[in-house]
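J.: Submitted below is the structure of interest, expressed as structure tokens.
The values are calculated or read from the model by the stated rules, or taken from the named source; none is laboratory data. Being a predicted model, the structure only gives us computed values, none of them experimental. FYI the Cβ positions are ideal-geometry reconstructions off the backbone, even for glycines, and counts take in every protein chain you see.
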Amino acid sequence: MPSPPKKPPAAGHHKLRIIGGRWRSRTLSFPTVDGLRPTGDRIRETLFNWLAPILPGSRCLDLFAGSGILGFEALSRGAAHCSLVELNPQAARQLRTNAEQLQADAAAVFQMSAQDFLAKPMTEPFDVVFMDPPFAGDLWQPVMELLEQGWLRDDALIYVESPPDLALKPPATWYSHREKRAGQVCYRLYHRETNRNPPV
């Protein structure tokens, strides 16, 4: 007899798979939310190859967390902590559910805007920041400037996704480390170097 058809996922929910580390092949659910555009497997594989030397033991910040796939992937691969910041209440609730299911004690979810989070008193700077805002907004420049207000370690790495035609003006201490394009997404990794003389 033919096997019965698989039950479709609940309406409005989607699945993503963690691709490396201790939670490899575990799936995460995320809701249908305007502007939520999870980073695809190919880009993630490239990004985490870039980050592999410094990720173990690092403190990470996933701004505009959405599905949370970047933050949870970082924790799966050995990050010591990740703060996940998400404005949408439904998406933030699902992030907490995913953290509970993974028993990710090192994940902290904040339901607020990236700007409000970066206006909070800072306790300890971050080694790695993921920045993938909704493409319909214009949040790259103000958030990059806020990150420079004490949120980054001197040698932090900052990952940024944007439309390929968007001209970014990173802070003077951010130097281009890696850059690639996949379809309608340009993804960049900046290295923060405070002791290097900025270009004239």
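J.: Is at least one residue of the stretch 95-104 under 22 Å from PHE72 (Cα atoms), basic (Lys, Arg) and either surrounded by fewer than 19 Cβ atoms within 10 Å (Cβ to Cβ) or out of contact with any Phe, Trp or Tyr (no Cβ under 7 Å at 6 or more places or on another chain) (or both)?
T.: Checked the stretch 95-104: at least one residue is under 22 Å from PHE72 (Cα atoms), basic (Lys, Arg) and either surrounded by fewer than 19 Cβ atoms within 10 Å (Cβ to Cβ) or out of contact with any Phe, Trp or Tyr (no Cβ under 7 Å at 6 or more places or on another chain) (or both).
J.: Taking the criterion of being over 19 Å from LEU87 (Cβ atoms), acidic (Asp, Glu), touching a Gly at 6+ places or on another chain (Cβ under 9 Å) and surrounded by 16 or more Cβ atoms within 10 Å (Cβ to Cβ), would at least one residue in the stretch 132-147 satisfy it?
T.: No, there is no match, as no residue in the stretch 132-147 is over 19 Å from LEU87 (Cβ atoms), acidic (Asp, Glu), touching a Gly at 6+ places or on another chain (Cβ under 9 Å) and surrounded by 16 or more Cβ atoms within 10 Å (Cβ to Cβ).
J.: Would you say GLN90 is free of Cβ contacts under 8 Å to residues at least 40 places away in the same chain and part of a helix (DSSP H, G or I)?
T.: no
J.: Test PHE110 against the stated conditions and say whether it is touching a Ser or Thr at 6+ places or on another chain (Cβ under 9 Å) and either modelled with pLDDT of 95 or more or among the charged types (D, E, K, R) (or both). Explain how you work it out, then say what you get.
T.: Details: touching a Ser or Thr at 6+ places or on another chain (Cβ under 9 Å): yes; either modelled with pLDDT of 95 or more or among the charged types (D, E, K, R) (or both): yes.
Yes, satisfied.
J.: Right, here's the next one. So for the stretch 121-128 (the condition being touching a Cys at 6+ places or on another chain (Cβ under 9 Å) and part of a loop (DSSP other than H, G, I, E, B)), does at least one residue qualify?
T.: So far as the stretch 121-128 goes, no, none of its residues is touching a Cys at 6+ places or on another chain (Cβ under 9 Å) and part of a loop (DSSP other than H, G, I, E, B).
J.: Here is a further query. Select from the stretch 167-200 the residues that are among the hydrophobic types (A, V, I, L, M, F, W, C) and over 21 Å from ALA65 (Cα atoms) and write down the one among them that is surrounded by the most Cβ atoms within 10 Å (Cβ to Cβ).
T.: Here the answer is TRP174.
J.: Here's something else I'd like to know. Do the conditions hold for PHE117, that is, is it in a helix (DSSP H, G or I) and either closer than 17 Å to PRO133 by Cα or at pLDDT 95 or above (or both)?
T.: Taking the combined requirement at face value, the residue satisfies it.
J.: Here is a further query. Out of all the residues in the stretch 172-193, which are out of contact with any strand residue (DSSP E or B) (no Cβ under 8 Å at 6 or more places or on another chain) and either touching a residue at least 12 places away in the same chain (Cβ under 8 Å) or closer than 11 Å to ILE158 by Cβ (or both)? Break it down into steps so the answer makes sense when it comes.
T.: Going residue by residue through the stretch 172-193, those that are out of contact with any strand residue (DSSP E or B) (no Cβ under 8 Å at 6 or more places or on another chain) are 172, 182-184.
Of everything in the stretch 172-193, those that are out of contact with any strand residue (DSSP E or B) (no Cβ under 8 Å at 6 or more places or on another chain) and either touching a residue at least 12 places away in the same chain (Cβ under 8 Å) or closer than 11 Å to ILE158 by Cβ (or both) turn out to be ALA172, ALA182, GLN184.
J.: Here's another thing I want to ask about it. Yes or no: ASP62 in contact with a helix residue (DSSP H, G or I) (Cβ under 6 Å, 6 or more places away or on another chain), of a type in the set (D, E, K, R) and either surrounded by fewer than 19 Cβ atoms within 10 Å (Cβ to Cβ) or modelled with pLDDT of 95 or more (or both)?
T.: In short, yes.
J.: If we keep just the residues of the stretch 1-23 that are surrounded by 10 or more Cβ atoms within 10 Å (Cβ to Cβ) and among the charged types (D, E, K, R), which is modelled with the highest pLDDT?
T.: ARG22
J.: Take the stretch 24-42 and flag every residue that is surrounded by 12 or more Cβ atoms within 10 Å (Cβ to Cβ), part of a loop (DSSP other than H, G, I, E, B) and either at pLDDT 70 or above or hydroxyl-bearing (Ser, Thr, Tyr) (or both).
T.: ARG24, ARG26, THR39, GLY40
J.: Turning to a different aspect of this structure: Filter the stretch 167-192 down to the residues that are in a loop (DSSP other than H, G, I, E, B) and touching a Phe, Trp or Tyr at 6+ places or on another chain (Cβ under 7 Å) and list them by number.
T.: LEU168, PRO170
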